[in-house]
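Asker: Right, I'll just put the structure down here and ask away after.
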Amino acid sequence: MAKKGKGWEETKPWRKLEAPASKLKAFAPEFVPFAVVNPEEGSWTSRNDASQSREVFLMEMLAAMDHHMHQLRETQQGLVYTVETACKNALKGHFGRLILVGSAALRVETPGSDVDVVCFTQRDEGKQAVGLPVTVLRRVHWSLKELLSQTPNYPTYFSTELIDDARVPILRVMWGPKDNCCAVDVSVDQTRPLDHVRWFQRVGAAPRPTEPQPPVAPLVTLTLRCVKWWLKQRQIPRTKEGGLPTVAWLLMAVHVSSLKQTNHEALSKRRPMAALLSSLGSFFRHYQSLERLDGVLYFSPDGSSSEFRRRERQRGCSLWAELSVLDPTREGTESLSLVPRLHPATQLLLGHELQRAYQRIEAHGDNREMLEDALRPVPEGINALPSFIEEPLCALVVRGELSPGTGSQQVELAVIEKVTPRPGWMAPFLLRSDERSQMTVRLMDLEDRSGRCRFRRVPRVTLCPANFICQVFMTQDANIWRIDEEGVVRFHSMRQIVAGLMEQSRVEESCEKPKTTKSVAPTLPTALQNVTNLPAADLKVKPKSIIEKV
């Protein structure tokens, strides 16, 4: 990283961002996924030797993340300081404090992670309220622009974006190129993110800020970080796109880490990376099918225990999962689920990705290539539906109903010819839960696993974004259309998931059919005929810490 300039300690940290354009990547470096330090040269060199073990791969990956985040640290601190200065200038006596939340506070940040902060306000001496959060952010935004205008190279390096029409208004402050920038997201008076950080710290899943950083991170913290990296690499839909919030995934990982079997398997390993590999395998094994996402995840008030209660399916109900992750920081009447309704298309994408990761991480033998493939990145935007397209887009969608009343839809290959966002929608992408916007598609048939496809001789179909699963890449050679290998794999994998749901439905229906059998009174042994009450088993179990360290 570039050295501090003269007088750095005497000036405001944001002044450091006045570096020339040629040194921009010194502060926002590109992440090198599989790199290790060369002790002699002090540089980073790529190593892709497939003969190396999976444990070495995990160690290299985490080391590369640490190195990358260390390069960004001073820049991130400078941006946070700039934001804090703007908040103080804008709010005066109404400014309370600026608190770090999110992945940076939990120490599970990964390359590309934003820095999340919350600006807490207070009443001034005249006891006057500061106003609504969106009003506060507008004032901070104006103050920030005025402050940044004092930087000679502004706006070359800085950019800001005020998202004031969201449920939680956000001010986004960025430095560097858009595809590789350092960003700080500011919200106002949001207590839930802070409550979540304190909860993870209380149960031992994240270090407390008052304690020195441990030489070896807790196993659960490393597991959370790897799960978060998987979410980013595979572009699993986030909250703003209609998917699960990151905090829900982290809570699901904490639950699996707390299971007795997970702890036993991990602690039986003598090496830290072997234990981490075991913990990751347990996570993906636990959620490898949609059936395992059908229920409610509870945590005890003190976080000492957790339980996943499967949903009892009634005859004729939907086959799709109904996942709920209750917020551990809310109790009683304030209890709420962190998970929005997941439409079948989104569930199929999640089911495929979870199953794919499980198969590769649990592969027999010490196969590094399989683990690398489990965390291999997908092309940018492949799981998102743009709100505007200039040319047709090939995608996987769901439509129709295979069996009346089940809600089970079939996976189809389609070419999206036109997208019509709902009135007032301005974002560059459409929500996966959107049932009002429209897309006009032409359906196609796929020939086995060859990748060759042809248009069906049927009229065009109008669907909504809630039917969209993901994009696939298609090429044309003369009159032959063909989709890529990844698209073929996804298509067949998701169709198998639907077939599994249908088979499960048939099995459940056959089990529910009444059987006409002659009723026979049970005969008890003579020694038990006079026994009316048997002693109940002692089911009391002392609560156990859900965190184990390696």
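The values are calculated or read from the model by the stated rules, or taken from the named source; none is laboratory data. None of these values were measured; they are calculated from a predicted model. Please note: Cβ atoms are built from the backbone with ideal geometry, for glycine as well, and neighbour counts cover all protein chains shown.
Asker: I'm told residue 328 meets every condition in (1) surrounded by fewer than 23 Cβ atoms within 10 Å (Cβ to Cβ); (2) within 26 Å of residue 196 (Cα to Cα) except one. Can you identify the failing condition by its number?
Answerer: Every condition holds for residue 328 apart from (1).
Asker: What is the number of the single condition among (1) β-branched (Val, Ile, Thr); (2) modelled with pLDDT of 90 or more; (3) over 19 Å from the mean Cα position of the chain (by Cα) that residue 333 does not meet?
Answerer: Evaluating residue 333 over (1) β-branched (Val, Ile, Thr); (2) modelled with pLDDT of 90 or more; (3) over 19 Å from the mean Cα position of the chain (by Cα) leaves (2) as the failure.
Asker: Within segment 436-463, how many residues are surrounded by 13 or more Cβ atoms within 10 Å (Cβ to Cβ) and touching a Cys at 6+ places or on another chain (Cβ under 8 Å)?
Answerer: 6
Asker: Being assigned to a helix (DSSP H, G or I), within 22 Å of residue 341 (Cα to Cα) and of a type in the set (A, V, I, L, M) is true for just one of 220, 256, 227. Which residue is that? Can you show your working first?
Answerer: On the way: 220 fails: within 22 Å of residue 341 (Cα to Cα); 256 fails: within 22 Å of residue 341 (Cα to Cα).
227 is the lone residue from the list that is assigned to a helix (DSSP H, G or I), within 22 Å of residue 341 (Cα to Cα) and of a type in the set (A, V, I, L, M).
Asker: Being in contact with a helix residue (DSSP H, G or I) (Cβ under 6 Å, 6 or more places away or on another chain) and either buried (at least 22 other Cβ atoms within 10 Å of the Cβ) or assigned to a helix (DSSP H, G or I) (or both) is the filter here; which residues of segment 355-368 pass it?
Answerer: 357, 358, 360, 361, 368
Asker: Here is a follow-up. Tell me whether segment 443-452 contains one or more residues that are among the polar types (S, T, N, Q) and under 19 Å from residue 388 (Cβ atoms). Reasoning before the result, please.
Answerer: The initial filter retains those residues of segment 443-452 that are among the polar types (S, T, N, Q), namely 450.
If we keep only those that are under 19 Å from residue 388 (Cβ atoms) too, we end up with none.
No: segment 443-452 contains no residue that is among the polar types (S, T, N, Q) and under 19 Å from residue 388 (Cβ atoms).
Asker: Of the residues 389, 382, only one is free of Cβ contacts under 8 Å to residues at least 60 places away in the same chain, under 23 Å from residue 178 (Cβ atoms) and of a type in the set (A, V, I, L, M); which?
Answerer: Details: 382 fails: free of Cβ contacts under 8 Å to residues at least 60 places away in the same chain.
None of the others qualify; the one that does is 389.
Asker: If I ask for residues that are buried (at least 18 other Cβ atoms within 10 Å of the Cβ) and farther than 12 Å from residue 247 by Cα, which ones from segment 193-207 would you list? Steps first, please.
Answerer: Within segment 193-207, the first condition is being buried (at least 18 other Cβ atoms within 10 Å of the Cβ), and the residues that meet it are 193, 196-197, 199-201, 203-207.
Selection gives 201, 203, 204, 205, 206, 207.
Asker: Is at least one residue of segment 436-443 touching a Phe, Trp or Tyr at 6+ places or on another chain (Cβ under 6 Å) and aliphatic (A, V, I, L, M)?
Answerer: no
Asker: If residue 300 satisfies all but one of (1) more than 28 Å from residue 379 (Cβ to Cβ); (2) modelled with pLDDT of 90 or more, what's the number of the condition it fails?
Answerer: Every listed condition holds for residue 300 apart from (2).
For (1) part of a helix (DSSP H, G or I); (2) under 25 Å from the mean Cα position of the chain (by Cα); (3) modelled with pLDDT of 95 or more; (4) not hydrophobic (A, V, I, L, M, F, W, C), each residue gets a yes or a no:
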position	(1), (2), (3), (4)
349	yes, yes, yes, no
370	yes, yes, no, no
390	no, no, no, yes
402	no, no, no, no
405	no, no, no, yes
419	no, no, yes, no
426	no, yes, no, no
445	no, no, no, yes
458	no, no, no, no
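Asker: While we're looking at this one, here's another question. Within segment 239-247, identify whether any single residue is under 19 Å from residue 58 (Cα atoms), surrounded by fewer than 23 Cβ atoms within 10 Å (Cβ to Cβ) and either in contact with a Leu (Cβ under 8 Å, 6 or more places away or on another chain) or not β-branched (Val, Ile, Thr) (or both), and answer yes or no.
Answerer: Taking segment 239-247 and keeping what is under 19 Å from residue 58 (Cα atoms), we get none.
No.
Asker: Something else about it: I'm trying to understand the selection: among the residues of segment 161-179, which are crowded, with 17+ Cβ neighbours inside 10 Å, closer than 17 Å to residue 80 by Cβ and at pLDDT 85 or above? Working first, answer last.
Answerer: Within segment 161-179, the first condition is being crowded, with 17+ Cβ neighbours inside 10 Å, and the residues that meet it are 162, 169-171, 173-176.
Right, trim to closer than 17 Å to residue 80 by Cβ and you get 170-171, 173-176.
If the condition is that a residue be crowded, with 17+ Cβ neighbours inside 10 Å, closer than 17 Å to residue 80 by Cβ and at pLDDT 85 or above, then 170, 171, 173, 174, 175 are the ones that fit.
Asker: Being out of contact with any Pro (no Cβ under 9 Å at 6 or more places or on another chain) and either closer than 22 Å to residue 347 by Cα or among the β-branched types (Val, Ile, Thr) (or both), is that true of even one residue in segment 425-438? Please lay out each step first, then the result.
Answerer: Our first condition is that a residue be out of contact with any Pro (no Cβ under 9 Å at 6 or more places or on another chain); within segment 425-438, this holds for 425-426.
After this cut, where a residue has to be either closer than 22 Å to residue 347 by Cα or among the β-branched types (Val, Ile, Thr) (or both) as well, the list is none.
The answer is no; no qualifying residue exists.
Asker: Of everything in segment 76-109, what is surrounded by 21 or more Cβ atoms within 10 Å (Cβ to Cβ) and of a type in the set (Val, Ile, Thr)? Give them in sequence order.
Answerer: Residues satisfying the conditions are 82, 83, 101, 108.
Asker: I've got another one for you. Considering each of 480, 416, 389, 469 in turn, give the residue that is within 30 Å of residue 362 (Cα to Cα) and either charged (D, E, K, R) or not assigned by TED's automatic domain parsing to the domain that holds residue 342 (or both).
Answerer: Working: 480 fails: within 30 Å of residue 362 (Cα to Cα); 416 fails: within 30 Å of residue 362 (Cα to Cα); 389 fails: within 30 Å of residue 362 (Cα to Cα).
So the residue among 480, 416, 389, 469 that is within 30 Å of residue 362 (Cα to Cα) and either charged (D, E, K, R) or not assigned by TED's automatic domain parsing to the domain that holds residue 342 (or both) is 469.
Asker: Quick one: how many residues across segment 173-200 are without any contact (Cβ under 8 Å) to a residue 24 or more places away in the chain and farther than 30 Å from residue 135 by Cβ?
Answerer: 1
Asker: Cβ-Cβ below 6 Å, separation at least six or inter-chain, first residue in segment 233-252 and in a loop (DSSP other than H, G, I, E, B), second small (Gly, Ala, Ser): which pairs?
Answerer: Once the first residue is in a loop (DSSP other than H, G, I, E, B) and sits in segment 233-252, its partners that are small (Gly, Ala, Ser) give 237/243; 242/433.
Asker: When you go through (1) under 24 Å from residue 196 (Cα atoms); (2) buried (at least 17 other Cβ atoms within 10 Å of the Cβ); (3) among the polar types (S, T, N, Q) one by one for residue 278, which number turns out not to apply?
Answerer: It is condition (1) that residue 278 fails.
Asker: Take the residues in segment 326-347 that are of a type outside the set (Val, Ile, Thr) and not in a loop (DSSP other than H, G, I, E, B), then tell me which one is farthest from residue 470 (Cα to Cα).
Answerer: Residues of segment 326-347 that are of a type outside the set (Val, Ile, Thr), as a first pass: 326-328, 330-332, 334-338, 340-345, 347.
Within this subset, residues satisfying the condition of being not in a loop (DSSP other than H, G, I, E, B) are 326, 332, 334, 337, 344-345, 347.
On the way: 326: 28, 332: 38, 334: 35, 337: 26, 344: 12, 345: 9, 347: 12 Å.
If we take residues in segment 326-347 being of a type outside the set (Val, Ile, Thr) and not in a loop (DSSP other than H, G, I, E, B), then 332 is farthest from residue 470 (Cα to Cα).
Asker: Just the residues that are polar (S, T, N, Q) and surrounded by fewer than 19 Cβ atoms within 10 Å (Cβ to Cβ), please, taken from segment 303-323. Spell out how you get there, then give the answer.
Answerer: Taking segment 303-323 first, the residues polar (S, T, N, Q) are 304-306, 314, 318.
304, 305, 314, 318, listed by residue number.
Asker: For segment 182-193, indicate whether the set of residues that are over 23 Å from residue 329 (Cα atoms) and assigned to a helix (DSSP H, G or I) is non-empty. Reasoning before the result, please.
Answerer: Residues of segment 182-193 over 23 Å from residue 329 (Cα atoms): 182-184.
Checking which are assigned to a helix (DSSP H, G or I) leaves us with none.
No.
Asker: Please note which strands (runs of 3 or more DSSP E) are completely contained in segment 17-108 and include at least 1 residues that are modelled with pLDDT under 90 and aliphatic (A, V, I, L, M). Steps first, please.
Answerer: On the way: elements: 35-38, 43-46, 95-101.
Per the criteria, 35-38.
Asker: What single numbered condition from (1) closer than 17 Å to residue 84 by Cα; (2) part of a helix (DSSP H, G or I) fails to hold for residue 119?
Answerer: Against the list (1) closer than 17 Å to residue 84 by Cα; (2) part of a helix (DSSP H, G or I), residue 119 comes up short only on (2).
Asker: Next question. Considering only segment 188-236, how many residues are of a type outside the set (A, V, I, L, M, F, W, C) and within 16 Å of the chain's Cα centre (by Cα)? Full working, then the answer.
Answerer: To start, the set of residues in segment 188-236 that are of a type outside the set (A, V, I, L, M, F, W, C) comprises 189-193, 195-196, 198, 201-202, 204, 207-215, 218, 221, 223, 225, 228, 232-235.
Imposing the further condition that a residue be within 16 Å of the chain's Cα centre (by Cα) reduces the set to 193, 196, 221, 223, 225, 228, 232-235.
So the count comes out to 10.
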